[in-house]
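One structure is given here, and the rest of the page talks about it.
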Amino acid sequence: MMSDITTQTPVENFINGKFLKNNQPTLDVLNPADGSFISTVPLSSSQDVDGAVQAAAKAFIGWSKMTLKERVQIFFRYRALLERDMDELTKLVQLENGKTYGEAKAEVEKSMELCEFAVSLPQIVVNEVQEVSKGVECRIERKPLGVVASISPFNFPNMVPHWTIPNALILGNTMVMKPSEVVPLSTVRMAELLKEAGLPDGVFNLVNGGKEVVEAICDHPDIKAVSFVGSTKVAKIVYKRATSTLKRCVALGGAKNHLLVLPDANPDMTASNVVASMSGCAGQRCMAASVMVGVDKVQHIIDKMVDETKKLIPGDNLGSVISAAAKERIERYIGEAESNGAKILVDGRNTIVAGKEGGFYVGPTIIDYVTTDMSVAREEIFGPVISIIRAKDLDEAIEIENGSNYGNAAAVFTQSGGLAKQVMDRASAGMIGVNIGVPVPREPFSFGGWNESKFGVGDITGRSSIEFWTQNKKTTTKWNPQAQTNWMS
């Protein structure tokens, strides 16, 4: 049955298995597709965070004593609930984020895939045992850290929390989750489904709010690790603040992904892939194409890209951006590029959708003849906008890509394996695509960028996350005093 959170019910914190009324100030939650009021979200305090941490610390005692296989059973049931409520969860993402139905559904399906990897952990996290000398045995066991925290962004309200919740909890930790205050509804429903799946009270806690909650999470002495996904500016602050209190932290920041298009690239596939990459989720994803570096003679591909944008209809197969402020910021970038001499091939400014006049829409935008000193070439726009920079050869194109402060993703479009290999080897990014505009690794491969797109060691998903959420306990035993001994024992 669909949660009544969509009927303007105020969002509440979820602590120790219960939703709690909050007397703190609230923020209105709006539907970005039409600007309508959805709900209110509390701007919680550090005291609320402390209450959640206390509940999580108490729950950790029993939760960490369960076997890995016992904890996994809850997430088998939880994954089935995600599938059962697929349509509801999809519409909830649409409601608070403004995505198309297909984009929102794909996000929930990815959450299911993340759960599928997590429930495979008993087959992956296997203790190591070896008889290192006669009668002497060494063992390594992975143990949970304790109470951990996860701070998630607005652009994937269902998927990004699943980057951390299943792995961290199955590995034996308990969690305090802080969702973006502009999209709090999906995580409320997750809390309900986790409880329905049988998760013990206090293992997962939800504290809504803004800056004060983030700071309290970074500062709390009983939180052992923090994951963050958001802008690079805030990721730096969170990483520095969390690690200054001796926590583990992995903080994913922004991106400026470059797609290198070579003259031999398949024109139709390249044009459709580049446009889909720049416009999917209205460009509000850290894997979106932001800069296309056209190498030598690629005008025929650019012409096809312009044609591809005509298939995108705002309010139909192109969703809204998250807020009026985001729309204003994106359109300001386009205007600056135009005033600095760039050519606007497709202009998405001043887009209004009939029947949704209060919505926040930016149409697909292609900006040609961009130079590397322009803001649209250097800064994260986070909208359905792509800037085209012209390069004379592949070396210059790679130099342009390497010049970015970011390093989330890069891709090359070519039919030459040798040229593709050069980009794979030389691009300064953590995730590389060959003829793929959105090179997101699938499980069990991990997600994470380089440079100013990520701070901390390891990645946030996949096998790499196991190291982040656990610590090794090494045990050496000797039971046989009669065993032959040597210098090793």
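Among the residues of segment 241-276, write down those that are within 23 Å of F468 (Cα to Cα) and under 20 Å from the mean Cα position of the chain (by Cα).
A242, R248, C249, V250, A251, L252, G253, G254, A255
From (1) out of contact with any Leu (no Cβ under 7 Å at 6 or more places or on another chain); (2) not assigned by TED's automatic domain parsing to the domain that holds L171, pick out the condition that doesn't hold for G462.
Here G462 clears every test but (2).
For Q8, only one of the following conditions fails: (1) within 26 Å of the chain's Cα centre (by Cα); (2) modelled with pLDDT under 95. What is its number?
The number of the failed condition is (1).
Scan segment 21-34 residue by residue and report those that are at pLDDT 95 or above and buried (at least 16 other Cβ atoms within 10 Å of the Cβ).
T26, L27, V29, L30, N31, P32, A33, D34
Name the single residue, out of those in segment 349-377 being under 26 Å from the mean Cα position of the chain (by Cα) and not in a helix (DSSP H, G or I), that is nearest to V293 (Cα to Cα).
Looking at the filtered set, the residue picked out is I366.
Looking only at segment 435-473, count how many residues are of a type in the set (K, R), touching a strand residue (DSSP E or B) at 6+ places or on another chain (Cβ under 8 Å) and farther than 26 Å from Q422 by Cα.
Selection size over segment 435-473: 1.
Would you confirm, using the coordinates I've provided, whether T351 is among the polar types (S, T, N, Q) and either without any contact (Cβ under 8 Å) to a residue 60 or more places away in the chain or under 30 Å from F228 (Cα atoms) (or both)?
The answer is yes for T351.
Out of E401, E396, E379, E357, report the one residue that is on the phi < 0 side of the Ramachandran plot and in contact with a His (Cβ under 6 Å, 6 or more places away or on another chain).
E401
Name every residue in segment 313-340 that is hydrophobic (A, V, I, L, M, F, W, C) and assigned to a helix (DSSP H, G or I), in order of residue number.
Answer for segment 313-340, where residues must be hydrophobic (A, V, I, L, M, F, W, C) and assigned to a helix (DSSP H, G or I): A324, A325, A326, I330, I334, A337.
Given the criterion of a type in the set (F, W, Y), farther than 18 Å from H162 by Cα and touching a strand residue (DSSP E or B) at 6+ places or on another chain (Cβ under 8 Å), identify the matching residue among F60, F14.
F60
Hey, any hits in segment 123-135 for a residue that's closer than 30 Å to H220 by Cα, surrounded by fewer than 23 Cβ atoms within 10 Å (Cβ to Cβ) and not assigned by TED's automatic domain parsing to the domain that holds N317? First the steps, then the outcome.
The initial filter retains those residues of segment 123-135 that are closer than 30 Å to H220 by Cα, namely 125.
This time we only want the ones that are surrounded by fewer than 23 Cβ atoms within 10 Å (Cβ to Cβ), so: 125.
Those still in the list that are not assigned by TED's automatic domain parsing to the domain that holds N317 too: 125.
Yes, that holds for at least one residue.
For segment 155-175, does any single residue satisfy the condition of being surrounded by fewer than 21 Cβ atoms within 10 Å (Cβ to Cβ), in a loop (DSSP other than H, G, I, E, B) and outside the structural domain of Q284 (by TED's automatic domain parsing)?
no
Tell me which strands (runs of 3 or more DSSP E) are completely within segment 379-440 and hold 3 or more residues being buried (at least 19 other Cβ atoms within 10 Å of the Cβ) and either assigned by TED's automatic domain parsing to the domain that holds M269 or in contact (Cβ under 8 Å) with a residue 60 or more places away in the chain (or both), or say none if there are none.
Passing ranges, in order: 385-391, 409-413.
Looking at segment 263-286, I want the residues that are farther than 19 Å from P314 by Cβ and hydroxyl-bearing (S, T, Y) and have a partner that is modelled with pLDDT of 95 or more and part of a helix (DSSP H, G or I) with Cβ atoms under 7 Å, at least 6 apart or on another chain. Which pairs are those?
Cβ pairs passing all conditions: T270/I301.
The values are calculated or read from the model by the stated rules, or taken from the named source; none is laboratory data. All values derive from a computational prediction rather than experimental measurement. Note that each Cβ is placed from the backbone with ideal geometry, even for glycine, and that neighbours are counted across all protein chains shown.
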